[in-house]
Amino acid sequence: MLDEEAVRSSWSAWLDRGWHGVNVSEWTGLYLPAKLDADIRFLNLLVEKVPSFARVAQRYRREAVGDLARGQYLLPWTSKKNPQFFTEERASQQIKLEDCEHGFPVAQIKSLVLMALEAGDVDQARKRLVYCWLIPTVHCTNATHRSLPPRCENFERPLDRYSARHPKLQDLADRSFEGVAMNVRRFDGTLINPDDYSRAQMLDDLRTIDQLRPIVDGLDGLTFPDPEEEAAYTARMRKR
């Protein structure tokens, strides 16, 4: 295991290189909001000119948000060859870590951003997109990935889906890991309890990375709807 200084040095080098000449500040401050605005404006204009595109446009609004949320190339831990921010552990068991999975499912990210846009709050939509984009992935086994709940039940806990309280994860532990529950270990060696790890704590952790600090500071005033409200919205969108 690399020590914390080596991890931070590796991440710093990755973030300084950027992606095809674009750094992380430019991506979150310019590209993400501009691309979101351009895609939504185009689809809205299309429906205004050709109303028969309404259902297609609704679907592609969601896909536009999803594509932006998935485009995390500039974040070092999304590459499996780099040190990971969060890693699954099963006590002393040797496990095969194959997947890097999000905190919030992309379907929820789509809804959270579009709910703000439909309410006319463009600034909040941008903050939600950037926040969800920033949430570090968890390096986990494929079996754990497939057993995660399909929804985050508490937007104040970014790792809520990884909680051992979820029945499918409990069943997986009993069936495949000799009853050993999943632990999440942070890059500095600290064990994280998903039931206690808050949005504020995660943002503080990200703020310790120099290149991400101004981005995190720009999220001041970020809010989320009740999970039940988002669930109802997502269900309506899927039925259209």
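The values are calculated or read from the model by the stated rules, or taken from the named source; none is laboratory data. Everything numeric here is computed off the predicted structure, so don't read it as measured data. Heads up, the Cβs are rebuilt from the backbone with ideal geometry, glycines too, and the neighbour counts pull from every protein chain shown. Just the protein is used for accessible areas: all its heavy atoms, side chains included, with ligands, DNA and RNA removed. Shrake-Rupley method; radii C 1.70, N 1.55, O 1.52, S 1.80 Å.
Which count do you get for residues in region 61-114 that are of a type outside the set (A, V, I, L, M, F, W, C) and outside any loop (DSSP other than H, G, I, E, B)?
Going residue by residue through region 61-114, those that are of a type outside the set (A, V, I, L, M, F, W, C) are 61-63, 66-67, 70-73, 76, 78-84, 87-90, 92-94, 96, 98-99, 101-103, 105, 108, 110-111.
If we keep only those that are outside any loop (DSSP other than H, G, I, E, B) as well, we get 61-63, 66-67, 70, 76, 78, 87-89, 99, 101, 108, 110-111.
Number satisfying all stated conditions: 16.
Can you confirm whether region 216-229 contains a residue that is more than 25 Å from Ala119 (Cβ to Cβ) and in contact with a helix residue (DSSP H, G or I) (Cβ under 9 Å, 6 or more places away or on another chain)? Outline the logic, then answer.
First pass over region 216-229, keeping only residues more than 25 Å from Ala119 (Cβ to Cβ): none.
So far as region 216-229 goes, no, none of its residues is more than 25 Å from Ala119 (Cβ to Cβ) and in contact with a helix residue (DSSP H, G or I) (Cβ under 9 Å, 6 or more places away or on another chain).
Just to verify a result, which residue in region 116-142, among those that are in contact with an Asp or Glu (Cβ under 7 Å, 6 or more places away or on another chain) and either within 18 Å of Val216 (Cα to Cα) or in a helix (DSSP H, G or I) (or both), is most open to solvent (accessible area, probe 1.4 Å)?
Only one residue tops the list, namely Asn142.
What about Ala200, is it small (Gly, Ala, Ser), out of contact with any His (no Cβ under 9 Å at 6 or more places or on another chain) and either in a helix (DSSP H, G or I) or over 19 Å from His102 (Cα atoms) (or both)? Talk me through it step by step, then tell me what you get.
On the way: small (Gly, Ala, Ser): yes; out of contact with any His (no Cβ under 9 Å at 6 or more places or on another chain): yes; either in a helix (DSSP H, G or I) or over 19 Å from His102 (Cα atoms) (or both): yes.
Criteria met by Ala200.
Run Ala91 past the list (1) within 20 Å of the chain's Cα centre (by Cα); (2) at positive phi; (3) hydrophobic (A, V, I, L, M, F, W, C) and report the number of the one that doesn't hold.
So the condition that Ala91 fails would be (1).
Out of curiosity, is Gln211 closer than 21 Å to Cys132 by Cβ, modelled with pLDDT of 95 or more, touching a Leu at 6+ places or on another chain (Cβ under 8 Å) and not aliphatic (A, V, I, L, M)?
Values: closer than 21 Å to Cys132 by Cβ: yes; modelled with pLDDT of 95 or more: yes; touching a Leu at 6+ places or on another chain (Cβ under 8 Å): yes; not aliphatic (A, V, I, L, M): yes.
Spelling it out, Gln211 is indeed closer than 21 Å to Cys132 by Cβ, modelled with pLDDT of 95 or more, touching a Leu at 6+ places or on another chain (Cβ under 8 Å) and not aliphatic (A, V, I, L, M).
Quick one: which residue in Trp11, Trp27 is open to solvent by less than 50 Å² (accessible area, probe 1.4 Å), within 22 Å of Trp77 (Cβ to Cβ) and touching a strand residue (DSSP E or B) at 6+ places or on another chain (Cβ under 8 Å)?
Details: Trp11 fails: touching a strand residue (DSSP E or B) at 6+ places or on another chain (Cβ under 8 Å).
When all the criteria are applied, what remains is Trp27.
Pairs under 9 Å by beta carbon, first residue under 11 Å from Leu117 (Cβ atoms) and open to solvent by 50 Å² or more (accessible area, probe 1.4 Å) in region 30-43, partner of a type outside the set (A, V, I, L, M) and in a helix (DSSP H, G or I), six or more apart or different chains?
That search, which allows pairs on different chains as well, returns Asp37/Arg126.
When only residues in region 72-107 that are over 20 Å from Gln211 (Cβ atoms) and of a type in the set (Ser, Thr, Tyr) count, which is least open to solvent (accessible area, probe 1.4 Å)?
Taking the candidates together, the pick is Thr87.
Mind counting the residues in region 79-97 that are in contact with a Ser or Thr (Cβ under 8 Å, 6 or more places away or on another chain) and more than 21 Å from Thr190 (Cβ to Cβ)?
Here the count works out to 1.
Taking the condition of being surrounded by fewer than 19 Cβ atoms within 10 Å (Cβ to Cβ), touching a residue at least 40 places away in the same chain (Cβ under 8 Å) and of a type in the set (Lys, Arg), how many residues in region 154-198 meet it?
Counting residues in region 154-198 that are surrounded by fewer than 19 Cβ atoms within 10 Å (Cβ to Cβ), touching a residue at least 40 places away in the same chain (Cβ under 8 Å) and of a type in the set (Lys, Arg) gives 2.
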